[in-house]
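Since the structure comes first, as structure tokens, the remarks are kept for the end.
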Amino acid sequence: MLDNNEIGIFIRLVDAGGKTAKEIAEMYRTSAAKDPLGRVAFCTDAEADPRLADRFNQAILAYEGDYGEYEYIIGDIIDTDLAYDPDAPKGFKRKIMGAFSDLLPREFEREMKSTWLLLNNLRDLDAEEAAGMQCVLSNELSAPADLLDNRAASVNFTYFV
């Protein structure tokens, strides 16, 4: 799926603002469907290393479905806007209004976050295909489904290969 020099980003969606993770995933699908180029912005306070940004290729949005099963949406990363400064003092976060904030789902207007991804070509990822991937969190490899039960996966930046 990814070439050797490419990095994927695994994002665990969580319930927020009175919406379930599944409803939030649908907001992203709907927003992408409304854009003539199929683009949608995603933002998070998880901090991405800007030294790796040119290698970011795909993002997986993962969440628990209605019946406890895991569901995955994959999209291509076509741009990034990162506020994280790896040389800043520990715990320093700078939040920004991303360059493509106008492509966020309407429900998330005016978000200020550290990491912005511009995605397109959103599509379902089969659970079997996802099970064959490996995610890196805190220098350990895990299957994507294992990370959905791990709270740290929703607040830390997680890569997949």
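For region 102-152, which strands (runs of 3 or more DSSP E) that fit wholly inside it have 3 or more residues that are at pLDDT 80 or above and in contact with a Gly (Cβ under 9 Å, 6 or more places away or on another chain)?
Counting at least 3 such residues, we get 115-125.
The residue list 110, 51, 106, 29 contains one member that is of a type outside the set (Val, Ile, Thr) and within 15 Å of the chain's Cα centre (by Cα), which is 29.
Of the candidates 67, 28, 72, the single residue that is crowded, with 20+ Cβ neighbours inside 10 Å and out of contact with any helix residue (DSSP H, G or I) (no Cβ under 9 Å at 6 or more places or on another chain) is 28. Any residue at all in region 41-56 that is part of a loop (DSSP other than H, G, I, E, B), open to solvent by less than 30 Å² (accessible area, probe 1.4 Å) and at pLDDT 85 or above? Within region 41-56, none of the residues are part of a loop (DSSP other than H, G, I, E, B), open to solvent by less than 30 Å² (accessible area, probe 1.4 Å) and at pLDDT 85 or above.
A search for C-beta distances below 9 Å between a residue of region 13-29 that is over 13 Å from residue 65 (Cβ atoms) and β-branched (Val, Ile, Thr) and any residue that is open to solvent by 60 Å² or more (accessible area, probe 1.4 Å) and in a loop (DSSP other than H, G, I, E, B), counting only pairs 6+ apart in sequence or on different chains, returns 14/151.
Taking region 16-25 on its own, how many of its residues are closer than 11 Å to residue 63 by Cα and open to solvent by less than 70 Å² (accessible area, probe 1.4 Å)?
Restricting attention to region 16-25, the residues satisfying the condition of being closer than 11 Å to residue 63 by Cα are 20-25.
So of that shortlist, the ones also open to solvent by less than 70 Å² (accessible area, probe 1.4 Å) come out as 20-22, 24-25.
Final tally of qualifying residues: 5.
The values are calculated or read from the model by the stated rules, or taken from the named source; none is laboratory data. Not measured: the values here are computed from a predicted model. All Cβ positions, glycine included, derive from the backbone under ideal geometry; neighbour counts span all protein chains shown. Heads up: the accessible areas ignore ligands, DNA and RNA and are worked out on the full protein's heavy atoms, side chains in. Shrake-Rupley method; radii C 1.70, N 1.55, O 1.52, S 1.80 Å.
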